[in-house]
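Take a look at the structure below.
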Amino acid sequence: MGEPKNLDWDLVQEPHRVSALLREEGPARKVRMPRGLETWIVTGYAEARAILSDPRVGKDPVAMRRLFERDGFDSAGDSAVRALGGHMLNTDPPDHTRLRKLVNQAFTSRTVSRLRPRIEQITAELLDGIGDAERVDLLPAFAVPLPIRVICELLGVHAGDRPAFAKWSNTMLAWSTPEELQAAAAQMHAYLVELIEEKRAEPVEDLLSGLIHASDEGDSLSADELVAMAFLLLVAGFETTVNLIANSVFALLREPDQLAALRGNPDLLPGAVEEFLRYDGAIHLATIRFTKEPVPVGDVEIPADEFVLVSLLGANRDAERFEDPHRLDVTRSASGHLAFGHGIHYCVGAPLARLETEIALRGLLERFPALDLDAEPETLRWRESALVHGLETLPVRLR
């Protein structure tokens, strides 16, 4: 393939255009990321799906650190960064299998469906809070607080701690400086250690207390794994949904015919959520992997010990899989999209994200029949993150 293709920040601000250009050169292309890391990016749907479930492509943290150091990058960071990163999303079997087993039952569709009344109640409270306004930024007013309240209540995070938690998370998922990253990680780690000790001393009916009990009963969660698991569930449990809600509203408000179709038939909402996930999902590049041995991808072979990133946004706009992929269609059967990943690392919180987004959109459309964008679409910017695909602001008119 020759020299890696240099990518700039258009990767973040125009991910669909960049992914389409890369896919024209083949389903996998070696690139140099904006901060210098050389990696392969997979943008073809079939190839992305295969890579996400290929045991020859791994996440073993020890091997990953070795490869980062080989390429001149300090992958480890300080102790807090390392500790928070030791969760199941960054592990291979058998550790991954053991860790995931502990949380699977908490996020089944049946278990999550029991949360519907509480999610509807929180949604109504938030909409009541903005009901008298003419204009709002929908992110801080609605899309951020809804998932934060849900996941924090589920795990048992105190209400007063949620704003600080959201700030730390945002810093850790953005293109922050090493100093900013380490400071946020240290604060997050210290907070979670203290919260876990509190719940160990006085357990209540929440998921975090349940994980502590499982650990104390010998179910193989070390103290470090418990902190990392809490971090993963909290961050993944709200970041994905915040951006899915906002991206869905943004997509609808740019396509009046689709908005009208959904208003005319709200029963389309569950299927429409799948289309929003396909069309403009909350995750761009899935968390980084590496090849354990040479892996053929399309007409190229990725050598062993190479980094691999899978563009979920790119795969979900592949015309080989989805007809007219750049068109939003709330009546489309979008099943099979890769917005939540695929394989053993498929998002454990997918049922919760789907339910929250459906309830949030239903509430918004019912409450505000004149909802509209309060800015030109091209003026809105995306957060500086190659992982999270989310808007910085979403100004809307409510009436």
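Just so you know, all these numbers are worked out from the coordinates, no wet-lab data involved. What you see is a predicted model, and the numbers here were worked out from it, not measured in a lab. In this analysis, Cβ positions are derived from the backbone assuming ideal geometry, glycine residues included, and neighbour counts consider all displayed protein chains.
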Among the aspartates and glutamates, select those whose C-alpha is under 16 Å from the C-alpha of Lys167, and discard any that sit fewer than 8 residues away in the same chain. Glu179, Glu180, Glu239, Glu384, Glu392
What's the extension gain from Arg327 to Arg135 if we count 0.36 nm per residue and subtract their Cα-Cα distance? 66.3 nm
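Can you bin region 210-340 into rounded, prolate or oblate? Criterion: square roots of the alpha carbon gyration tensor eigenvalues sorted a ≥ b ≥ c, rounded for a/c under 1.5, prolate for a/b above b/c, oblate for the rest. Walk me through the intermediate numbers first.
Working: a/c = 2.97, a/b = 1.32, b/c = 2.26.
Since a/c reaches 1.5 but b/c is at least a/b, the shape of region 210-340 is classed as oblate.
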Near the amide H of Ser53, under 5 Å away, which other amide H atoms are found, from residues 5 or more places off or on another chain, if H is placed in the peptide plane? none
Between Val62 and Tyr346, how high is the FRET efficiency from 1/(1 + (r/R0)^6) when r is the Cβ-Cβ distance and R₀ = 30 Å? Nearest 0.05. 0.80
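Tell me the relative contact order for region 153-281 as a rounded percent, counting alpha carbon contacts under 8 Å between residues six or more apart. Walk me through the numbers on the way to the answer.
Working: 67 pairs, mean separation 26.7, N = 129.
Averaging sequence separation for qualifying contacts and normalising by length gives 21 percent for region 153-281.
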Kirkwood Rh over alpha-carbon pairs of the chain plugged into Stokes-Einstein at 20 °C, 1.002 mPa s gives a D in µm²/s of 98 µm²/s
Ranked from highest to lowest mean number of other Cβ atoms within 10 Å per residue, what is the order of the peptides 133-140, 290-297? 290-297, 133-140
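With the contact rule set at Cα under 8 Å and sequence spacing of 6 or more, what percent relative contact order holds for region 5-397? It would help to have the intermediate numbers written out before the result.
Values: 591 pairs, mean separation 104.9, N = 393.
Relative contact order, region 5-397: 27 percent.
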Glu384's amide H: which non-local residues (gap 5+, or another chain) put their own amide H closer than 5 Å, with H modeled 1.01 Å from N in plane and none for Pro or chain starts? Trp175
In Å and whole numbers, how far do the C-alpha atoms of region 161-206 stretch along each principal axis, longest first? 37, 15, 12
Pair Asp161, Arg399: separation of 7 Å Cα→Cβ label points (nm): 3.9 nm
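Here are some pairs, Lys5/Lys59; Lys5/Lys292; Lys30/Lys101; Lys199/Lys292; which of them have Cα atoms lying more than 32 Å apart in this structure?
Values: Lys5/Lys59 24 Å; Lys5/Lys292 23 Å; Lys30/Lys101 35 Å; Lys199/Lys292 40 Å.
Over 32 Å Cα-Cα: Lys30/Lys101; Lys199/Lys292.
Taking neighbour Cβ counts within 10 Å as the exposure measure, how do Trp168, Trp9 sort from fewest upward? Display every interim value, and only then the final one.
On the way: Trp168 22, Trp9 13.
Listed from fewest to most nearby Cβ atoms, that is Trp9, Trp168.
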When Glu197, Glu202, Glu384, Glu239 are ordered from fewest to most other Cβ atoms inside 10 Å of their Cβ, what list results? Glu202, Glu197, Glu384, Glu239
Cα→Cβ-extended label distance, 7 Å offset, between Lys5 and Thr97, nm: 3.8 nm
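Listing Tyr279, Tyr45, Tyr191 from the residue with the fewest other Cβ atoms within 10 Å to the one with the most, what is the order?
Taking fewest neighbouring Cβ atoms as first place, the list is Tyr191, Tyr45, Tyr279.
Kindly rank 351-363, 318-330 from highest to lowest mean number of other beta carbons found within 10 Å of each residue. Spell out each step's value before the answer.
Details: 351-363: 22.8, 318-330: 16.0.
The peptides rank, most packed first, as 351-363, 318-330.
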